[in-house]
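Right, one structure below, let's go through it.
The values are calculated or read from the model by the stated rules, or taken from the named source; none is laboratory data. Note that the structure is predicted; figures quoted are calculated from it, not measured. Cβ placement follows ideal geometry from the backbone for every residue including glycine, while neighbour counts extend to all protein chains displayed.
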Amino acid sequence: MRVLYVDADACPVKAEAQQVALRHGWAMVLVSNGGIRPVDHPLVQTIYVPDGLDVADDWIAERAGQGDLVVTSDIPLAGRCITAGARVIKPDGAVLHDRNIGEALSLRNLMTDLRSADPFRQGGGRAFAKSDRSRFLDVLDREIRAVRPAP
(Lines give C-alpha, C1' and ligand atoms only; values in the text may rest on other atoms or scores of the structure.)
Protein backbone atom coordinates (compact mmCIF):
# COMPACT_ATOMS: atom_id res chain seq x y z
CA MET A 1 0.00 0.00 0.00
CA ARG A 2 1.24 3.45 -0.86
CA VAL A 3 1.62 5.83 2.06
CA LEU A 4 1.36 9.56 2.59
CA TYR A 5 3.90 10.55 5.25
CA VAL A 6 3.38 13.92 6.92
CA ASP A 7 6.14 15.68 8.83
CA ALA A 8 3.46 16.79 11.24
CA ASP A 9 5.22 19.14 13.63
CA ALA A 10 4.08 22.64 12.63
CA CYS A 11 2.49 21.37 9.40
CA PRO A 12 -0.41 23.69 8.52
CA VAL A 13 -2.11 21.26 6.11
CA LYS A 14 -2.60 18.08 8.16
CA ALA A 15 -6.40 18.17 7.81
CA GLU A 16 -6.20 18.79 4.08
CA ALA A 17 -3.71 15.97 3.62
CA GLN A 18 -6.00 13.63 5.53
CA GLN A 19 -9.01 14.66 3.45
CA VAL A 20 -7.25 13.90 0.16
CA ALA A 21 -5.53 10.72 1.35
CA LEU A 22 -8.74 9.20 2.65
CA ARG A 23 -10.69 10.15 -0.47
CA HIS A 24 -8.15 8.15 -2.49
CA GLY A 25 -7.93 5.30 0.04
CA TRP A 26 -4.30 5.97 0.93
CA ALA A 27 -2.75 5.21 4.30
CA MET A 28 -1.49 8.33 6.05
CA VAL A 29 1.19 8.50 8.74
CA LEU A 30 1.55 11.64 10.85
CA VAL A 31 5.02 11.77 12.42
CA SER A 32 5.58 14.13 15.33
CA ASN A 33 7.51 14.72 18.53
CA GLY A 34 4.12 15.13 20.22
CA GLY A 35 1.51 17.80 20.55
CA ILE A 36 -0.84 16.54 17.87
CA ARG A 37 -4.00 14.58 18.47
CA PRO A 38 -4.28 11.08 17.07
CA VAL A 39 -6.87 10.53 14.35
CA ASP A 40 -9.46 7.82 14.86
CA HIS A 41 -9.45 6.26 11.41
CA PRO A 42 -8.03 2.89 10.33
CA LEU A 43 -6.03 4.44 7.46
CA VAL A 44 -4.43 7.14 9.63
CA GLN A 45 -1.59 6.35 12.00
CA THR A 46 0.03 8.82 14.39
CA ILE A 47 3.64 8.15 15.30
CA TYR A 48 5.24 9.96 18.23
CA VAL A 49 9.02 9.93 18.12
CA PRO A 50 11.32 10.96 20.98
CA ASP A 51 12.48 14.57 21.19
CA GLY A 52 15.74 15.18 19.44
CA LEU A 53 17.30 16.72 16.40
CA ASP A 54 15.90 15.17 13.19
CA VAL A 55 14.32 12.16 14.94
CA ALA A 56 11.01 12.58 13.09
CA ASP A 57 12.90 13.24 9.85
CA ASP A 58 14.95 10.08 10.30
CA TRP A 59 11.80 8.03 10.97
CA ILE A 60 10.19 9.25 7.75
CA ALA A 61 13.35 8.97 5.62
CA GLU A 62 13.91 5.36 6.74
CA ARG A 63 10.43 4.35 5.53
CA ALA A 64 9.42 6.54 2.59
CA GLY A 65 10.15 4.98 -0.76
CA GLN A 66 9.08 4.44 -4.33
CA GLY A 67 5.44 5.42 -4.87
CA ASP A 68 5.03 7.11 -1.48
CA LEU A 69 4.33 10.80 -0.93
CA VAL A 70 5.87 12.99 1.76
CA VAL A 71 4.57 16.34 2.98
CA THR A 72 7.33 18.43 4.53
CA SER A 73 8.88 21.86 4.44
CA ASP A 74 12.19 20.40 5.66
CA ILE A 75 14.49 20.55 2.64
CA PRO A 76 17.13 18.04 3.83
CA LEU A 77 14.36 15.54 4.63
CA ALA A 78 12.87 16.16 1.19
CA GLY A 79 16.23 15.39 -0.40
CA ARG A 80 16.53 12.10 1.46
CA CYS A 81 12.99 11.08 0.49
CA ILE A 82 13.51 11.98 -3.16
CA THR A 83 16.68 9.88 -3.20
CA ALA A 84 14.61 6.96 -1.86
CA GLY A 85 12.09 7.38 -4.70
CA ALA A 86 9.29 9.21 -2.88
CA ARG A 87 7.50 12.27 -4.19
CA VAL A 88 7.65 15.37 -1.97
CA ILE A 89 5.20 18.24 -1.59
CA LYS A 90 5.74 21.29 0.56
CA PRO A 91 2.72 22.59 2.53
CA ASP A 92 2.42 25.53 0.13
CA GLY A 93 1.92 23.11 -2.77
CA ALA A 94 5.43 23.33 -4.23
CA VAL A 95 6.65 19.99 -5.56
CA LEU A 96 10.25 19.02 -4.91
CA HIS A 97 11.89 16.47 -7.20
CA ASP A 98 15.29 15.38 -8.43
CA ARG A 99 15.52 18.36 -10.82
CA ASN A 100 14.99 21.10 -8.23
CA ILE A 101 16.08 19.66 -4.87
CA GLY A 102 19.72 20.64 -5.40
CA GLU A 103 18.77 24.28 -5.88
CA ALA A 104 16.43 24.16 -2.86
CA LEU A 105 19.20 22.68 -0.68
CA SER A 106 21.69 25.32 -1.87
CA LEU A 107 19.26 28.15 -1.13
CA ARG A 108 18.48 26.73 2.30
CA ASN A 109 22.20 26.48 3.11
CA LEU A 110 22.81 30.02 1.89
CA MET A 111 20.01 31.40 4.05
CA THR A 112 21.33 29.45 7.06
CA ASP A 113 24.78 30.96 6.52
CA LEU A 114 23.34 34.48 6.18
CA ARG A 115 21.33 34.12 9.39
CA SER A 116 24.34 32.83 11.33
CA ALA A 117 26.52 35.68 10.01
CA ASP A 118 24.01 38.30 11.18
CA PRO A 119 22.34 37.24 14.44
CA PHE A 120 20.16 40.37 14.38
CA ARG A 121 18.66 39.46 11.02
CA GLN A 122 14.93 39.15 11.58
CA GLY A 123 12.12 37.59 9.65
CA GLY A 124 11.57 34.43 7.75
CA GLY A 125 9.50 33.47 4.79
CA ARG A 126 6.18 34.93 3.87
CA ALA A 127 3.07 34.03 5.85
CA PHE A 128 1.08 30.93 4.91
CA ALA A 129 -1.96 32.02 2.86
CA LYS A 130 -5.33 30.60 1.81
CA SER A 131 -3.98 30.33 -1.71
CA ASP A 132 -1.18 28.07 -0.40
CA ARG A 133 -3.75 25.77 1.21
CA SER A 134 -5.77 25.62 -2.01
CA ARG A 135 -2.67 24.97 -4.13
CA PHE A 136 -1.62 22.20 -1.72
CA LEU A 137 -5.00 20.46 -2.08
CA ASP A 138 -4.79 20.57 -5.88
CA VAL A 139 -1.20 19.41 -6.03
CA LEU A 140 -1.65 16.57 -3.52
CA ASP A 141 -4.66 15.29 -5.43
CA ARG A 142 -2.70 15.45 -8.71
CA GLU A 143 0.36 13.72 -7.21
CA ILE A 144 -1.72 10.89 -5.75
CA ARG A 145 -3.39 10.34 -9.12
CA ALA A 146 0.01 10.40 -10.82
CA VAL A 147 1.39 7.50 -8.73
CA ARG A 148 -1.81 5.44 -8.85
CA PRO A 149 -1.22 2.41 -11.04
CA ALA A 150 -3.07 2.42 -14.37
CA PRO A 151 -6.19 0.18 -14.42
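Structure values in brief
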| quantity | calculated |
| --- | --- |
| Single condition L4 does not satisfy, out of (1) in a loop (DSSP other than H, G, I, E, B); (2) modelled with pLDDT of 95 or more | (1) |
| Residue in segment 114-137 that is more than 19 Å from I82 (Cα to Cα), surrounded by fewer than 10 Cβ atoms within 10 Å (Cβ to Cβ), modelled with pLDDT of 65 or more and of a type in the set (K, R) present | yes |
| Counted residues, segment 42-56 - those being part of a loop (DSSP other than H, G, I, E, B), surrounded by 12 or more Cβ atoms within 10 Å (Cβ to Cβ) and either in contact with a Phe, Trp or Tyr (Cβ under 6 Å, 6 or more places away or on another chain) or at pLDDT 95 or above (or both) | 2 |
| Any chance R80 is without any contact (Cβ under 8 Å) to a residue 40 or more places away in the chain, farther than 16 Å from K14 by Cα and not hydroxyl-bearing (S, T, Y) | yes |
| Tally, over segment 24-41, of residues that are free of Cβ contacts under 8 Å to residues at least 24 places away in the same chain and either within 19 Å of R87 (Cβ to Cβ) or surrounded by 15 or more Cβ atoms within 10 Å (Cβ to Cβ) (or both) | 2 |
| Residue that is surrounded by the fewest Cβ atoms within 10 Å (Cβ to Cβ) [pool: residues in segment 1-23 that are among the aliphatic types (A, V, I, L, M) and out of contact with any helix residue (DSSP H, G or I) (no Cβ under 7 Å at 6 or more places or on another chain)] | M1 |
